[in-house]
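See below for the structure under consideration.
Laboratory data are not the source of any read-out in this text; all were calculated from the coordinates shown. Being a predicted model, the structure only gives us computed values, none of them experimental. Neighbour counts are summed over all protein chains in view; Cβ atoms, including those assigned to glycine, are modelled from backbone coordinates with ideal geometry.
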Amino acid sequence: MAEVHTKAQSSFNLNPQDELNDLRMSSKALPLLEHVKRFIAETVNPMSEEFERLGEGKTDIWSYAPGQLEVLEAAKDKAKAEGLWNFFLPNAETGEGLSNLDYAYIAVELGKNRMASEVMNCAAPDTGNMEVLERVGTPEQKEKWLKPLLEGKIRSAFAMTELHSASSDAKNVNTTATLVGDEYVINGEKHYISGAGDPRCKIMITMVQTSPDGPANHRQSQILVPTDAPGVKIVGAQHVFGDPDAPHGHMHIIFDNVRVPASNMLLGEGRGFEISQLRLGPGRIHHCMRAIGSAEKALDYLVTRGLKREAFGKPLVQLGGNIEIISKARIDIEAMRLMVLKAAKAMDVLGNQEARIWIHMVKAMVPVRVCEIIDSAIQMHGALGVSQHTPLARMYAQTRTLRIADGPDEVHHMVVGRNELRQYRDIPHDPSTAAVFRH
């Protein structure tokens, strides 16, 4: 009897001395974490309630009701004054300079209130856009767009997903940008452009095709397109489970002979994929970090509701399999937390490119499990859980969207699975026999 194949040294073998296994927050960041927790409890939570109250009954969902932006800006000013600002840029001079691991602990707290990230200028899609501009922007691009973004004065969007192509494979992006004189002329149609509905959104980093006949990985580029450029036509909002998510919005946009200066090109023609590697690592796990905070919040709602409500003479937590549901939720949260911390540490130690397998693993794992936890909390609340009277329905919609927004689950599993196959030598022609002994 002989084994069909032998496994090479795996990149996931446990090494007790490996630096990747030290997941402690740095001592310098611990006071910051405690400060963030206090700020969310004392400032963000009450501000959020006031923000929602002021928005009740407004007739134009794509604007802010009187007073809403004022209370939001007051909270942002306070955050800035207290040094709770721009945590997300790892080891950068323009923010706190936190490592990815340190930020992971903070982002979990931000995920417990959907407005906390914006109050501290750590909200998507601005975070990814700021990281790109900080890394590859020209001095002129940084002055015009990065500076006001870092100051929280404007919002931004990332325009990639297309209506008529499977843009989970970015090579399919076919919005064109053609150089004419000293301008690029952009034509195409995109949808689900998150944040483009916000009246404060002033700039979009847009994925375009510049070299249709070039090498597959060098056909795409990324270019800065102001939202008020002539020819940018916002058709309307794409809803998420029936919710327009206004005024943030996920917009359907047509680019009709949009002209922007050639100097708006980021890094150079054909370098769109290269730029994507800068944003997709940190941005993807930022979502996962915040999602764990959402899971914690959902579990809190689940347990609190189960203890307070009675049916058939017992608290809800004692009915059916609810105790087991609560147990599984806590187990999943702790498992997700360790995976995300490990991915963050891998980015710090190995760099984004080498850590990409860890990033894909948490992206495949976290949104699915968080959705399950939120769904359990919804079930515990009955009809109230799917209504507007708890945050659970919106939390579910946002988390379910994450399984598509940063690449579908299938792409992440494909990357992780292919990496695992590369750990093996002499793989049989029939992959189904890869783990089978035979005579």
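State whether region 62-210 is rounded, prolate or oblate according to the following rule on the C-alpha gyration tensor (a ≥ b ≥ c being the square roots of its eigenvalues): a/c under 1.5 gives rounded; otherwise a/b larger than b/c gives prolate, and the remaining case gives oblate.
prolate
Per the helix-only calculation at 222 nm, which mean residue ellipticity applies to the chain, given -39500 (n - 2.57) for every DSSP H run of n ≥ 4 and division by its residues, nearest 500 deg cm²/dmol?
Details: 12 runs with 184 residues, N = 439.
Taken over the chain, the calculation gives -14000 deg cm²/dmol.
Which whole-percent values make up P(r) of region 18-143 when all C-alpha to C-alpha distances are grouped in 5 Å steps starting at zero?
Percent of Cα pairs in each bin: 2, 10, 18, 20, 17, 14, 10, 6, 2, 1, 0, 0.
For region 289-439, max minus min Cα coordinate along each principal axis, in Å, sorted largest first?
That works out to 62, 42, 24 Å along the principal axes.
Do any of K80/K144; K76/K345; K190/K345 go past 31 Å between their Cα atoms, and which?
Listed pairs above 31 Å: K190/K345.
Beyond a 22 Å Cα-Cα separation, which of these cross-linked pairs lie in this structure: K233/K363; K297/K328; K112/K202? Write down the numbers at each step before the final one.
Details: K233/K363 32 Å; K297/K328 15 Å; K112/K202 27 Å.
Checking Cα-Cα distances, K233/K363; K112/K202 exceed 22 Å.
Label region 123-259 by shape, choosing from rounded, prolate and oblate, from the square roots a ≥ b ≥ c of the eigenvalues of the Cα gyration tensor; if a/c is under 1.5 it is rounded, and otherwise prolate applies when a/b is larger than b/c, oblate when it is not.
Because a/c hits 1.5 or more and a/b fails to exceed b/c, region 123-259 counts as oblate.
Among G67, G55, L98, whose Cα sits farthest toward the positive end of the charge dipole of region 38-182 (+1 at Cβ of Lys/Arg, -1 at Cβ of Asp/Glu, about the Cα centre)?
Checking the options against the dipole of region 38-182, the answer is L98.
With a 10 Å cut-off between alpha carbons and a GNM built on the chain, which of A216, A104, A383 moves the most?
It is A383.
Charges only on Cβ, +1 for Lys and Arg, -1 for Asp and Glu: so what's the dipole of the chain about the Cα centre, in debye to the nearest 20?
The calculation lands at about 680 debye.
Tell me the net charge near A246. Cut-off is 10 Å between Cβ atoms, A246 excluded, with +1 for each Lys or Arg and -1 for each Asp or Glu.
Taking every Cβ under 10 Å from that of A246, the sum is -3.
Give a quick list of trypsin sites (Lys or Arg not before Pro) in region 118-170 that DSSP marks as loop, anything other than H, G, I, E or B, with at most 13 other Cβ atoms within 10 Å.
K153
What FRET efficiency would be calculated for the residue pair T178, K153, taking the C-beta separation as r and a Förster radius of 45 Å, to the nearest 0.05? Spell out each step's value before the answer.
Working: r = 32 Å, r/R0 = 0.71.
According to the calculation, E is roughly 0.90.
For Cα pairs less than 8 Å apart in space and 6+ apart in sequence, what is the mean separation divided by the residue count of region 329-374, i.e. the relative contact order in percent?
Across region 329-374, relative contact order equals 42 percent.
Give me the orientation-averaged projected area of the Cα convex hull of region 236-275, in nm², one decimal.
4.7 nm²
Specify which residue in the list P125, A107, A177 is farthest towards the positive end of the charge dipole of region 68-184, using unit charges on the beta carbon of Lys, Arg (+1) and Asp, Glu (-1), about the Cα centre.
Of P125, A107, A177, it is A107.
Under 1.5 on a/c is rounded, so check that first for region 215-287, then, if it is not, pick prolate when a/b is larger than b/c and oblate when it is not; a ≥ b ≥ c are the square roots of the alpha carbon gyration tensor eigenvalues.
It comes out oblate by the Cα gyration axes.
Which of the chymotrypsin sites (Phe, Trp or Tyr not before Pro) across region 228-282 are loop residues per DSSP, with 16 or fewer other Cβ within 10 Å?
When the chymotrypsin sites (Phe, Trp or Tyr not before Pro) of region 228-282 are filtered for loop state and at most 16 Cβ neighbours within 10 Å, F241 remain.
Assign unit charges at the C-beta atoms only (+1 for Lys and Arg, -1 for Asp and Glu), then state the dipole size of region 207-269 relative to its Cα centre in Debye, rounded to the nearest 20.
Computed about the Cα centre, the dipole is about 140 debye.
What is the Cα centroid distance between region 291-329 and region 117-135, reported in whole angstrom?
First find each Cα centre; the distance between them is then 35 Å.
Could you work out the per residue convex hull volume over the alpha carbons of region 326-369, in cubic angstrom?
Numbers: hull volume 2.0 nm³, N = 44.
Cα convex hull per residue, to the nearest whole number: 46 Å³.
Please state the charge dipole magnitude for region 176-236, taken about the Cα centre, from unit charges on C-beta atoms (+1 on K and R, -1 on D and E), reported in debye and rounded to the nearest 20.
Computed about the Cα centre, the dipole is about 200 debye.
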